[in-house]
Amino acid sequence: MNFKRKLPVPKEIKEQYPLTDELASIKAARDAEISDVFTGKSDKMVLVIGPCSADREDSVLDYCTRLARLQEKVEDKLILIPRVYTNKPRTTGDGYKGLVHQPDPEKASDMIGGIIAIRRLHTAVLAETGLSTADEMLYPDNYRYLSDLLSYVAIGARSVENQEHRLTSSGIDIPVGMKNPTSGDISVMLNSIMAAQHPHTFIYRGWEVDTTGNPLAHAIMRGYVNRHGEAIPNYHFEDLEHLYEAYCKKGLDNVALIVDTNHSNSAKKYREQPRIAKEVLHACRHSEDIKRMTKGFMIESYIEDGAQKIGEGVYGKSITDPCIGWAGTERLVLDMADLI
């Protein structure tokens, strides 16, 4: 390892790029509203919705501005949480690893520039739209750079069995979604939720820390792959019934689920996402247990349909996994509000 330079600690970055009292108040109100969904106090659903990866500030802000206008139309049924994912796990280790690595996807890695870029982007979304954001916690150490900005955290399918992710999640005071692993073994996901809901003492960023546990830790079903590498969905009625029963046997404090409509659930056929969301809502109408457990959805959406390669330069089009475009997104969100 070549130790290039010491990175600034989160406190330093937060002091350089502070959150105003007004924005902190907006976020606190959003956090309370979102928490009420996961605890069952609210009948609304949440949509963690947005690009597969937040690759550039201008188009992400444009997308989130559109989302804010859409939020006003569905506010009695849905809470829209912009998916501003700034660090991306890569299956083989190659490819674009997100804004935190490359503030410019066409240039070399710049981790200090990336840390600043992700803080500025999450802050800008909150300031310009009033919507607090979601991000994936690929690196537990990096969470503190955004801890005063995020309203939702996701733990990916390749990270969910990792001890550090589980323990760090136990010290987070917003909803943390644990995805089922790529193998599809939901016991791994449920063990991760149990660990996150319990208090712990451990080493974090060079400190000995205590946590009180996170009762808002919950499941994300995203499909899986079989031994032949084929995508297998797990959003069908029987899958959801099985998850509910497994949750109850585990004796967890809070039974809650977000359904990821893309990834292995759609076999990355992004146009399938509306159908999948509507099928789950249909299941909710036929089972009180599934309805009580299902708190919302994760949807990959951007301004333009599909995906492109880095350097093609199409504004608002994903450079990682393909997403549904804005026209389809708006129609889906309005349809879902009518079905809830």
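Per-structure values
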item: Flag for P8 being surrounded by fewer than 20 Cβ atoms within 10 Å (Cβ to Cβ), without any contact (Cβ under 8 Å) to a residue 12 or more places away in the chain and assigned to a loop (DSSP other than H, G, I, E, B); result: no
item: Some residue of segment 38-46 being without any contact (Cβ under 8 Å) to a residue 60 or more places away in the chain, not in a strand (DSSP E or B) and not charged (D, E, K, R); result: yes
item: Residue match in segment 289-308 (condition: touching a residue at least 24 places away in the same chain (Cβ under 8 Å), over 30 Å from S42 (Cβ atoms) and not hydrophobic (A, V, I, L, M, F, W, C)); result: yes
item: Residue within segment 207-219 that is of a type in the set (A, V, I, L, M, F, W, C), surrounded by fewer than 21 Cβ atoms within 10 Å (Cβ to Cβ) and part of a strand (DSSP E or B) present; result: yes
item: Among the candidates Y235, Y204, Y244, residue that is among the aromatic types (F, W, Y), under 28 Å from H122 (Cβ atoms) and touching a helix residue (DSSP H, G or I) at 6+ places or on another chain (Cβ under 7 Å); result: Y204
item: Odd one out for G114 among (1) of a type in the set (G, A, S); (2) within 16 Å of Y143 (Cα to Cα); (3) surrounded by fewer than 17 Cβ atoms within 10 Å (Cβ to Cβ); result: (3)
item: Elements of type strands (runs of 3 or more DSSP E) in segment 104-203, at least 3 residues being farther than 30 Å from C248 by Cα; result: none
item: Verdict on A267 being under 29 Å from P322 (Cα atoms), touching a Lys or Arg at 6+ places or on another chain (Cβ under 9 Å) and among the hydrophobic types (A, V, I, L, M, F, W, C); result: no
item: Candidate set from segment 224-247 (those that are in contact with a strand residue (DSSP E or B) (Cβ under 6 Å, 6 or more places away or on another chain) and closer than 15 Å to L257 by Cα); member that is surrounded by the fewest Cβ atoms within 10 Å (Cβ to Cβ); result: N234
item: Any hit, segment 47-62, residues being closer than 26 Å to L339 by Cβ, within 18 Å of the chain's Cα centre (by Cα) and not hydrophobic (A, V, I, L, M, F, W, C); result: yes
item: Unique match (being farther than 20 Å from E300 by Cβ, among the β-branched types (V, I, T) and buried (at least 17 other Cβ atoms within 10 Å of the Cβ)) among I186, I203; result: I186
item: Test for V209: is it closer than 30 Å to S318 by Cβ, among the β-branched types (V, I, T) and modelled with pLDDT of 95 or more; result: no
item: Residue that is nearest to A54 (Cα to Cα) [pool: residues in segment 289-329 that are out of contact with any Pro (no Cβ under 8 Å at 6 or more places or on another chain) and of a type in the set (A, V, I, L, M)]; result: I303
item: Condition check for L99: at pLDDT below 95, part of a loop (DSSP other than H, G, I, E, B) and among the aliphatic types (A, V, I, L, M); result: yes
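Yes/no per residue for (1) in a helix (DSSP H, G or I); (2) touching a Lys or Arg at 6+ places or on another chain (Cβ under 7 Å); (3) exposed (fewer than 14 other Cβ atoms within 10 Å of the Cβ); (4) of a type in the set (F, W, Y):
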| residue | (1), (2), (3), (4) |
| --- | --- |
| A29 | yes, no, yes, no |
| D36 | yes, no, no, no |
| D55 | no, no, no, no |
| V60 | yes, no, no, no |
| Y63 | yes, no, no, yes |
| R69 | yes, no, yes, no |
| P82 | no, no, no, no |
| N87 | no, yes, no, no |
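Results for (1) in contact with a strand residue (DSSP E or B) (Cβ under 8 Å, 6 or more places away or on another chain); (2) buried (at least 24 other Cβ atoms within 10 Å of the Cβ); (3) within 30 Å of A246 (Cβ to Cβ); (4) aromatic (F, W, Y), shown as yes or no for each residue.
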position: I258; (1), (2), (3), (4): yes, yes, yes, no
position: N262; (1), (2), (3), (4): yes, yes, yes, no
position: A267; (1), (2), (3), (4): yes, no, yes, no
position: Y270; (1), (2), (3), (4): yes, yes, yes, yes
position: I290; (1), (2), (3), (4): no, no, yes, no
position: K295; (1), (2), (3), (4): yes, yes, yes, no
position: K309; (1), (2), (3), (4): no, no, no, no
position: I340; (1), (2), (3), (4): yes, no, yes, no
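The values are calculated or read from the model by the stated rules, or taken from the named source; none is laboratory data. Just so you know, these numbers come straight off a predicted model, no measurement behind them. Cβ atoms come from the backbone with ideal geometry, glycine included; neighbour counts cover every protein chain shown.
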